[in-house]
Amino acid sequence: MYNVMSPKAEEFISHEEILDCLDYGQKNKTNRELIDKILNKARERKGLSHREAIVLLDCELEDKNQEIYALAEQIKKDFYGNRIVMFAPLYLSNYCINGCEYCPYHAKNKHIARKKLTQEEIVREVTALQDMGHKRLAIEAGEDPKNNPIEYILESIKTIYSIKHKNGAIRRVNVNIAATTVEEYRMLKEAGIGTYILFQETYNKENYERLHPTGPKSDYAYHTEAHDRAMEGGIDDVGLGVLFGLNNYRYDFTGILMHAEHLEAYKGVGPHTISVPRVRRADDIDPDTFDDGIDDDTFAKIVACIRIAVPYTGMIVSTRESKACRERVLHLGISQISGGSKTSVGGYVEPEPEEENSAQFDVSDNRTLDEVVRWLMEMGYVPSFCTACYREGRTGDRFMTLLKSGQIVNCCHPNALMTLKEYLEDYASPETRKVGDALITRELDVITNPVVRAKVEDYLENIHEGKRDFRF
Ligand code: SF4
Ligand code: SF4
């Protein structure tokens with residue numbers, strides 16, 4: 001029985017409710033009247049239910065699809081302006097006892113190089129990331145209580161925050177580790193993490209169990225209820241994600257929106273972010289063996305419909321996607337991207353020889369951070385290295401209340417310009433700096449409040465003179 005308020009995974013992600021929605025979506029894929037009604041509701045920018053959203057995803061009326069894309073683009077502009085937040089993944093360890101069939105780190109893969117960074121190696125990796133200009137990391141580790149216990153993760157976070165190198169510092173560490181207990185989530189909270197991110201991979205229980213035949217991750221309910229436990233442990237910002245390609249995309253689209261509704265209803269705060277990875281080629285993994293791969297058009301439609309359904313939730317796309325694909329979905333709702341990423345353990349300091357491959361997936365977008373930043377600016381986006389909310393304690397419902405009131409726009413734009421200026425001064429190539437300084441001058445005009453603008457101009461001058469870390 002579907003119950004959004006239930007603490008049980010199988011009730012807040014009800015299989016029957018999803019099947020019913022999938023049927024509803026198909027029945028109404030050309031129902032102009034209903035699609036118009038849903039689009040009108042979506043224009044109020046308060047989001048849609050999973051049942052409404054699937055109708056838009058399934059819509060087969062070309063003119064209405066164009067309206068869906070235009071609305072997604074408009075909502076993106078209204079909530080996020082032209083800012084794109086930058087981050088990088090940092091792989092700490094690829095030891096893992098799970099049997100996930102789509103991931104090369106699965107325990108049975110005996111030919112992948114297993115690596116775990118020492119604290120000294122973390123210092124070197126993070127220094128290399130700081131030299132690129134990153135301020136926001138997502139740490140990743142496989143599940144292995146012996147090799148990667150919570151103490152190792154906590155120590156690594158402490159090490160990362162402690163590294164001050166030239167003008168650089170990592171100001172926000174997001175964490176992507178296996179589902180765990182309330183007690184361990186509390187420890188992560190105390191270590192000062194940003195978002196706790198856990199991908200569901202697929203919401204279809206039967207497929208989930210087939211894809212996770214062994215290891216603790218095979219427990220569907222424990223995994224699906226992990227975000228609730230994280231919030232119980234005091235972590236305000238949690239991130240959701242599915243791995244598109246593992247299961248029917250319409251099923252997982254509906255499932256992830258139901259999960260978002262559950263968090264909002266049950267915990268009072270919706271997800272901070274939603275990630276939309278697709279299965280990629282990797283050691284021992286051939287994406288063609290999964291039947292449910294989606295093409296770029298479907299991927300773009302999913303991004304647009306999620307943007308409309310949960311306007312307040314950040315959306316992340318990684319370097320799994322190519323430059324062309326990322327360019328397309330940036331317009332439709334993506335608010336955060338990674339740049340210059342290495343998906344292997346220790347990959348930022350030294351590129352790995354082929355025979356020592358420890359990567360989780362093949363990267364499609366191999367450009368440097370400098371190239372990604374310049375590319376974004378040339379398209380009119382403002383790459384942002386801002387972490388102000390987290391550092392000002394604006395997390396969870398405080399963050400959401402601000403975002404919903406539209407007030408955050410008055411912080412984000414100036415913060416984006418100032419953190420971009422820091423990046424340009426400290427890390428950018430001369431060409432990128434030229435493009436960026438011109439962009440900042442243009443973007444100052446967007447700030448209408450003369451007092452804020454004067455302050456930003458003053459801060460920018462200070463940054464040029466070598467001072468750092470201003471924020472609203
Ligand atoms: Fe381990 Fe995560 Fe890979 Fe599964 S997806 S094998 S849990 S690292
Ligand atoms: Fe994100 Fe807050 Fe910075 Fe805006 S001010 S970019 S919401 S951290």
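Nothing in this text is a laboratory measurement; each read-out follows from the coordinates by a stated rule. Remember, predicted model here, so these are calculated numbers, not experimental data. Virtual Cβ from ideal backbone geometry, glycine too; neighbours counted across all protein chains shown.
Treating each Cα of region 278-387 as an identical point scatterer and summing with the Debye formula, the log10 of I(q)/I(0) at q = 0.24 Å⁻¹ comes to -1.39. Taking Cβ atoms as reference points and 11 Å as the exclusive limit, the residues near Asp78 contribute a net charge of +4, counting Lys and Arg as +1 and Asp and Glu as -1. In region 406-464, taking the dipole from charged Cβ atoms about the Cα centre, the farthest positive-side position among Val456, Ala438, Cys412 is held by Cys412. Kirkwood radius and radius of gyration were both taken over the C-alpha atoms of the chain, and their ratio Rg/Rh is 0.95. Cross-link partners of Lys404 among aspartates and glutamates, defined as those whose alpha carbon lies under 17 angstrom from its own and excluding same-chain residues fewer than eight positions apart: Glu44, Asp78, Asp236, Asp237, Glu261, Glu264.
Near Leu56, once Lys and Arg are set to +1 and Asp and Glu to -1 for all other residues with Cβ below 9 Å from its Cβ, the sum equals 0. Here the mean projected area of the convex hull built on the C-alpha positions of region 327-382 is 4.6 nm².
Each of Asp288, Asp362 was scored by other Cβ atoms within 10 Å of its Cβ. Listed from fewest to most, they are Asp288, Asp362.
Of all the Cα-Cα pairs you can form in region 56-192, what percent are over 20 Å apart? Each step should come with its number before you reach the end.
On the way: 5499 of 9316 pairs.
That fraction is 59 percent.
Bridgeable lysines around Lys108 (alpha carbons under 18 Å apart, same-chain partners fewer than 8 residues away excluded): Lys116, Lys146, Lys217. Here the contact order of the chain, divided by its residue count and restricted to Cα pairs under 8 Å and six or more residues apart, works out to 19 percent.
Rg then Dmax, both in Å and based on the Cα atoms of region 329-431: 16.8, 53.
If a/c stays under 1.5 just call it rounded; otherwise compare a/b with b/c (prolate if a/b is bigger, oblate if not). Do that for region 14-61, with a ≥ b ≥ c from the square roots of the Cα gyration tensor eigenvalues.
Values: a/c = 2.85, a/b = 1.29, b/c = 2.20.
Taking the square roots of the gyration eigenvalues as a ≥ b ≥ c, region 14-61 is oblate.
Using only alpha-carbon positions in region 406-464, the gyration tensor eigenvalues give semi-axes of 21, 11, 10 Å once each is multiplied by 5 and square-rooted (largest first).
Structural descriptor for region 1-104: relative contact order 20 percent, calculated from alpha carbon pairs under 8 angstrom and at least 6 residues apart.
Assuming charge only on the beta carbon of Lys and Arg (+1) and of Asp and Glu (-1), the dipole of region 14-61 about its Cα centre is about 340 debye to the nearest 20.
Take the chain, mark every one of the trypsin sites (Lys or Arg not before Pro) that falls in a DSSP loop and has at most 11 other Cβ within 10 Å, then report the longest stretch left between them, sites excluded. Formally, the longest exposed-site-free interval is 167-472.
Return the subset of Lys189/Lys421; Lys27/Lys64; Lys46/Lys189 for which the Cα-Cα distance in this structure is over 25 Å, preserving the input order. Display every interim value, and only then the final one.
Working: Lys189/Lys421 30 Å; Lys27/Lys64 16 Å; Lys46/Lys189 29 Å.
Result: Lys189/Lys421; Lys46/Lys189 exceed 25 Å.
About the Cα centre, and with charges only on the beta carbon of Lys, Arg (+1) and Asp, Glu (-1), how big is the dipole of the chain? Nearest 20 debye, please. Don't skip to the answer; put the middle values down first.
On the way: 61 positive and 77 negative charges, 292 e Å.
Charge dipole of the chain: 1400 debye, to the nearest 20.
By the Cβ-Cβ criterion of under 4.7 Å, the unpaired cysteines of the chain are Cys21, Cys59, Cys96, Cys305, Cys325, Cys386, Cys389, Cys411, Cys412.
Using the C-alpha atoms of region 1-131, what convex hull volume per residue, in cubic angstrom, is computed?
Values: hull volume 28.6 nm³, N = 131.
Per residue, the Cα convex hull of region 1-131 comes to 218 Å³.
Under a model in which nothing but the beta-carbon of Lys, Arg (+1) and Asp, Glu (-1) is charged, region 406-464 shows a dipole of about 160 debye around its Cα centre. Dipole of region 14-61 computed with +1 at Lys/Arg Cβ and -1 at Asp/Glu Cβ about the Cα centre; of Gly47, Asn28, His15, farthest Cα towards the positive end is Gly47. For region 286-346, the share of alpha carbon pairs falling in successive 5 Å distance bins from zero is 4, 16, 24, 21, 19, 12, 4, 0 percent.
Dividing the summed -39500 (n - 2.57) terms of all DSSP H runs of n ≥ 4 by the residue count of the chain sets its mean residue ellipticity at 222 nm at -14500 deg cm²/dmol.
Where both residues lie in the chain, what percent of DSSP beta bridges are antiparallel, nearest 5?
Numbers: 4 of 33 bridges.
Rounded to the nearest five, the antiparallel share is 10 percent.
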